[in-house]
Amino acid sequence: IWIFHGFYAEEKLVGNLASMSTSERIKAIRKMPETMTKKREIRNKVLGEITKKSRHHSTQLSCCTQCLQGSVVSFRQFGNSLSEYFLLLQLWHKTLKIIGAEFGTSVLSYFIFLKWLLTFNIFSFLINFSFITIPQFFAAEPNNLSFTGLELFTGAGYFQETVLYYGFYTNATISKIENGPSYNVQLAYIFTVGIHFVVCFLILLFSMAKSFCRNFINPQAYPGNASKLLCTWDFNITNEKAVKLKQKNLSTQIKEDFTEVNREVLNFSITERVVRIVIHLVSWIASLGTAVAACAGVYLLSVNNLKLFVKGHKNDLESQAAMLVLPVVVSFLNAFIPFFYSWLGHLERFQTPGHQIYVTIARNTILKISIVGILCYYWLNVVATSESQCWETLVGQDIYRLVLVDFIFCLLGSLFGEFLRRIVGTTFCVSLGLPEFDIGRNVLDLIYAQTLTWIGILFSPLLPGIQMISFFVVFYVKKVSLMMNCQPPCKVWRTAQMTTSFMFLLFFPSFLGVLSVIGVTVWRLKPSEECGPFRGLSSMYAAVSEWIKILENYTASKWVVWIYHNLITSELFFFILSVLVL
């Protein structure tokens, strides 16, 4: 009797669902407290019932209508099956869930940001490789230099005559068929780089605006504490490990929310406030002084290295290996000065860990952006006017070495720095305990690496591919180091606004600063006379001006000429665009 009753209830449910509209039926099935397998079974029965009913009306329907309905049902079934397996294909989906459950959203925000930057570099690599590198293969000359292995670290030698650097690209128009279509490498190079930065600009702006709206303007639109506690459980989860992971994740999120609500405001006496203000001022003076000293040392070292390189044997790998001194010193400063900043943050004793992280991020931003700014000044004002035959390739090699050595220091910091800190905290000085994951320092390392990549795209088009591999390896190394060496934050706290802050720092001063460097290089600096696609021109932008002069002779291209004269060269257009963006 119970079996018959259950069968009758299910048949009635299927009949009711079949009589609903498509959207109502989907919503009803989703709300059922059943497993995914049971829901899929009910959905298939409903679709079968609908198909059966449609056959009864086959005499009233035309053949075309029946085929159309069958195609719609099949397409819907295929779409549902595809959406079920789509989550399985997402990169690091399960890993991110585990990190969020174990260490909270503050640490999770770093790994989400790293994954987001990885997609940026995949896009950049595909664009540059498709429109700049592949056409160059058809016009490439054989490389007569020998490969010794040292080039992997110096970026010089054999790599100097490859598609890795600007100087190898031709300035000729590629045409494999006589009187056939041709490919202008000059225009392809400058338009690919330009469109790439425009797309990155729009993606950054949209992502930053979306995150800002979600976390600052309209945060009440997202589930609060009560809804998290009562309404967010997924009844489709049946696996024991998945259930425990979901429980831990919800527990961590609710702890973060309660910590934010119950945060106590400490009242200090006048003497205590004065002491705290003095400590803050001394800490800021020390941090700024350290940044200034680091920038001065980097500039003096870079100028001295350039003199040795230009006056010495330019093609000698040993002399080029000496150029590793600059990236090693820069990476050393970027790796160890932030530890000094973290010590200052602990000395200041902020009320919340969020304040300490934001102050540490601000100090690290000043340090890293100042170093990058000094390097850009050195490249654009010293290297560009030097006696080097191809200064663009020289800049590309410098950036390649900086990216590579920074990657090596990042691995060493995770494999040995955090590992040794764990050994000390668990063996020699138990009171220290396990280290916490330094979010501020690690995030600024990512922004610094991405800034170098954006600057280097013009001088080394395949640099995003190298950074793509670097970020992929860093994710797994950081994940293993986090699980083995670090402990969850001692003070649980919510960090909904942190991702917005990361994106803002990536946009300004990082991305806008890169645009300034690229703009000066394209519009103001004279390209090398003996290498690169823009050899012999007064500036890289002169290639576009000459192309516009050619288009003025063709009636069909008048609209391109109009856009160039009325928009691209118009100060008013860029002023209005800047006002709209800002």
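The values are calculated or read from the model by the stated rules, or taken from the named source; none is laboratory data. All of these numbers come straight from a predicted model, not from anything done at the bench. Methodologically, a virtual Cβ is constructed for each residue, glycine included, from the backbone with ideal geometry; neighbour enumeration extends over all protein chains shown. Just the protein is used for accessible areas: all its heavy atoms, side chains included, with ligands, DNA and RNA removed. Shrake-Rupley method; radii C 1.70, N 1.55, O 1.52, S 1.80 Å.
For ASP257, state whether it is open to solvent by less than 50 Å² (accessible area, probe 1.4 Å), among the charged types (D, E, K, R) and modelled with pLDDT under 65.
Working: open to solvent by less than 50 Å² (accessible area, probe 1.4 Å): yes; among the charged types (D, E, K, R): yes; modelled with pLDDT under 65: yes.
When the stated conditions are applied, ASP257 passes them.
Could you check, for the stretch 450-472, whether at least one of its residues is more than 30 Å from PHE137 (Cα to Cα), in the same structural domain as ILE423 (by the TED database) and either of a type in the set (Gly, Ala, Ser) or modelled with pLDDT of 95 or more (or both)?
First, pick out the residues of the stretch 450-472 that are more than 30 Å from PHE137 (Cα to Cα): none.
No - not one qualifying residue is present in the stretch 450-472.
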Some residue of the stretch 110-125 being open to solvent by 10 Å² or more (accessible area, probe 1.4 Å) and part of a loop (DSSP other than H, G, I, E, B): no
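So, of the residues in the stretch 456-482 that are in a helix (DSSP H, G or I) and β-branched (Val, Ile, Thr), which turns out to be nearest to ASP398 (Cα to Cα)? Break it down stepwise before answering.
Initially, the stretch 456-482 is screened for residues in a helix (DSSP H, G or I), giving 456, 463-482.
In the following step, the residues that additionally are β-branched (Val, Ile, Thr) were identified as 466, 469, 473-474, 477, 480.
Values: ILE466: 14, ILE469: 19, VAL473: 22, VAL474: 22, VAL477: 25, VAL480: 31 Å.
Among residues in the stretch 456-482 that are in a helix (DSSP H, G or I) and β-branched (Val, Ile, Thr), the one nearest to ASP398 (Cα to Cα) is ILE466.
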Residue within the stretch 153-172 that is aliphatic (A, V, I, L, M) and either outside any loop (DSSP other than H, G, I, E, B) or open to solvent by 70 Å² or more (accessible area, probe 1.4 Å) (or both) present: no
Within the stretch 510-537, tally of residues that are assigned to a helix (DSSP H, G or I) and either touching a residue at least 60 places away in the same chain (Cβ under 8 Å) or open to solvent by less than 30 Å² (accessible area, probe 1.4 Å) (or both): 11
Selection from the stretch 547-562 of residues that are assigned to a helix (DSSP H, G or I) and surrounded by 13 or more Cβ atoms within 10 Å (Cβ to Cβ): TRP547, ILE548, LEU551, SER557, VAL560, VAL561
Which listed residue, of SER124, SER109, SER146, is of a type in the set (S, T, N, Q), assigned by the TED database to the domain that holds ILE455 and within 29 Å of the chain's Cα centre (by Cα): SER124
Residue satisfying all of: in the stretch 261-284; within 22 Å of ARG363 (Cβ to Cβ) and in contact with a Lys or Arg (Cβ under 9 Å, 6 or more places away or on another chain); modelled with the lowest pLDDT among these: ARG276
Cross-chain or 6+ apart pairs with Cβ under 6 Å, the stretch 468-485 first and in contact (Cβ under 8 Å) with a residue 60 or more places away in the chain and open to solvent by 40 Å² or more (accessible area, probe 1.4 Å), then part of a helix (DSSP H, G or I) and not aliphatic (A, V, I, L, M): MET468/ASN121; MET468/PHE125
Residue check for LEU567: open to solvent by 30 Å² or more (accessible area, probe 1.4 Å) and in the same structural domain as PHE212 (by the TED database): no
Total residues in the stretch 372-405, condition touching a residue at least 12 places away in the same chain (Cβ under 8 Å) and either touching a His at 6+ places or on another chain (Cβ under 8 Å) or hydroxyl-bearing (Ser, Thr, Tyr) (or both): 6
Residue list for the stretch 506-552, filter: within 19 Å of LEU187 (Cα to Cα) and among the β-branched types (Val, Ile, Thr): ILE518, VAL520, THR521, VAL522, VAL544, ILE548, ILE550
Any hit, the stretch 460-475, residues being of a type in the set (Ser, Thr, Tyr) and closer than 25 Å to ILE366 by Cβ: yes
